[in-house]
């Protein structure tokens with residue numbers, strides 16, 4: 001008989017996020033509850049949590065980039081990003097983000113996933129440029145529009161990364177697929193798998209690209 | 001050999017800097033809470049391996065308490081006025097992009113050098129740590145270049161770095177916390193339980209329904225766990241391999257690759273994938289912490305449909 005109780009932890013996470021409690025708090029409570037329901041002692045839960053946290057420190061290393069970004073912002077990096085976009089004729093939010101989407105997909109497909117990202121490129125460069133392009137189209141932005149443009153900048157980075165990286169042979173997810181299938185005696189090369197990431201990558205570009213074109217239309221319409 | 005530990009020493013120093021910068025910001029009423037939060041992370045980076053599992057567990061609980069009791073806030077201090085920034089931008093022009101681009105450039109050149117040249121054989125850098133070590137090198141190079149060129153006050157990087165870090169706040173450790181939750185989920189057998197649930201509802205006779213269940217299972221499990229990596233082995237073992245590949249004779253390469261990518265559509269729609277969805281909202285100072293997810297759902301759903309069609313038509317020709 002399968003023990004379904006540990007699944008309660010998942011419900012706690014969903015409820016906690018939906019009710020907008022502090023997510024760190026939600027995750028910690030869910031971890032402790034799940035562990036206890038999974039027949040672990042409190043000390044065992046605490047040490048598993050601590051061990052997991054310590055082993056995953058690399059996830060948080062990315063923030064070492066902020067002193068550089070902050071320093072350059074002090075000297076006008078965002079303002080310069082706006083000036084640059086303002087000086088390019090025909091630059092619109094949608095076109096800018098479509099170019100970024102293509103570049104991000106291609107770089108990820110070449111295995112260069114960490115050359116761009118939210119702290120590296122979106123916050124200092126892409127988002128201010130996208131906002132500046134939108135301002136060029138329709139003057140000063142209201143808050144909702146500016147939020148939308150920034151959110152689309154971040155979304156474009158994610159779509160470009162997710163639907164580019166699997167085309168690269170040596171990415172962790174391809175190796176995971178290969179390993180999972182191999183444990184059932186199905187032998188595939190990374191190349192056979194990564195080829196099948198290409199149709200989805202093209203769909204991702206077309207679908208998200210179409211949304212960016214629509215965003216441009218909406219910005220232009222509102223300007224009139 | 002350069003390992004992750006070298007990088008953790010650097011990261012500890014940067015977080016200690018964030019603690020210092022936060023403590024210096026007297027416009028933030030909760031500055032000591034912020035300083036304590038970042039100082040604990042510095043401790044974790046520097047001494048995490050010495051604290052023991054229980055010690056680290058207590059450190060986690062203290063971090064959660066600081067965040068959960070709303071003891072961290074953000075100041076209003078700006079190091080320079082908008083006008084000063086505009087003048088400075090006019091003065092330095094597009095050269096301001098150079099230090100910012102040095103970081104991706106270092107990652108780019110470094111990745112090429114360590115993957116495609118004889119340097120690879122020298123084992124200078126632990127292969128598991130290459131991308132992060134290159135990031136660290138890029139940051140150091142960019143900092144040195146910026147200081148030499150712009151000649152800012154000594155603590156400028158500390159103050160402006162913590163201004164941004166406090167903008168992100170507790171969300172900065174959410175991805176790491178979720179990774180720890182994943183460890184607990186695995187230890188408590190959540191994955192196997194979900195696999196058992198899914199196996200129990202497999203429809204028989206219809207390949208299309210099985211494909212649908214496989215893709216939706218990937219999406220939902222990915223949304224719960226925050227990444228497709230945890231979902232794939234479970235769903236592959238429950239449906240992908242026994243039903244779609246072995247029973248119905250589907251092409252394993254399509255089912256593996258596109259199955260994973262269906263999971264990625266789920267990643268676009270869940271707050272559990274905090275580093276992609278919640279952290280950027282904080283980093284871009286969005287009012288709505290789910291703003292990025294909202295912007296992604298209209299892409300994720302058509303893309304999921306596209307993936308299901310690819311799965312069905314390409315795997316079962």
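Taken together, the residues in the range A:11-31 that are within 8 Å of chain B (Cβ to nearest Cβ) and surrounded by 22 or more Cβ atoms within 10 Å (Cβ to Cβ) amount to 7.
The residue list A:170, A:182, A:204, A:144 contains one member that is at pLDDT 95 or above and either within 21 Å of residue A:123 (Cα to Cα) or assigned by TED's automatic domain parsing to the domain that holds residue A:122 (or both), which is A:204. Check the range A:152-159 and report whether any residue there is in contact with a helix residue (DSSP H, G or I) (Cβ under 9 Å, 6 or more places away or on another chain), touching a residue at least 40 places away in the same chain (Cβ under 8 Å) and surrounded by fewer than 23 Cβ atoms within 10 Å (Cβ to Cβ). Checked the range A:152-159: no residue is in contact with a helix residue (DSSP H, G or I) (Cβ under 9 Å, 6 or more places away or on another chain), touching a residue at least 40 places away in the same chain (Cβ under 8 Å) and surrounded by fewer than 23 Cβ atoms within 10 Å (Cβ to Cβ).
Inspect the range A:76-90 for any residue being assigned by TED's automatic domain parsing to the domain that holds residue A:208, surrounded by fewer than 22 Cβ atoms within 10 Å (Cβ to Cβ), touching a helix residue (DSSP H, G or I) at 6+ places or on another chain (Cβ under 8 Å) and not in a helix (DSSP H, G or I) and give the result as yes or no. No, that holds for no residue.
Residues in the range B:109-127 that are facing chain A (nearest Cβ under 9 Å) and closer than 23 Å to residue A:60 by Cβ: B:111 only.
For (1) in contact (Cβ under 8 Å) with a residue 40 or more places away in the chain; (2) farther than 28 Å from residue B:251 by Cα, each residue gets a yes or a no:
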site	(1), (2)
A:146	no, yes
A:161	yes, no
A:172	no, no
A:187	no, no
A:191	no, no
A:197	no, no
A:204	yes, no
A:210	no, yes
A:215	yes, yes
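When B:54, B:9, B:66, B:72 are checked against the criterion of being part of a helix (DSSP H, G or I), in contact with a helix residue (DSSP H, G or I) (Cβ under 8 Å, 6 or more places away or on another chain) and surrounded by 17 or more Cβ atoms within 10 Å (Cβ to Cβ), B:66 stands alone in meeting it. Does residue B:238 fit the bill of being surrounded by 18 or more Cβ atoms within 10 Å (Cβ to Cβ), more than 7 Å from chain A (Cβ to nearest Cβ) and touching a residue at least 60 places away in the same chain (Cβ under 8 Å)? Against the criterion (surrounded by 18 or more Cβ atoms within 10 Å (Cβ to Cβ), more than 7 Å from chain A (Cβ to nearest Cβ) and touching a residue at least 60 places away in the same chain (Cβ under 8 Å)), residue B:238 does not qualify.
The residues of the range B:241-269 that are buried (at least 24 other Cβ atoms within 10 Å of the Cβ), under 24 Å from the mean Cα position of the chain (by Cα) and assigned to a loop (DSSP other than H, G, I, E, B) amount to a single one, B:268.
The values are calculated or read from the model by the stated rules, or taken from the named source; none is laboratory data. A quick note: this is a predicted structure, and the numbers were derived from the prediction, not measured. Heads up, the Cβs are rebuilt from the backbone with ideal geometry, glycines too, and the neighbour counts pull from every protein chain shown.
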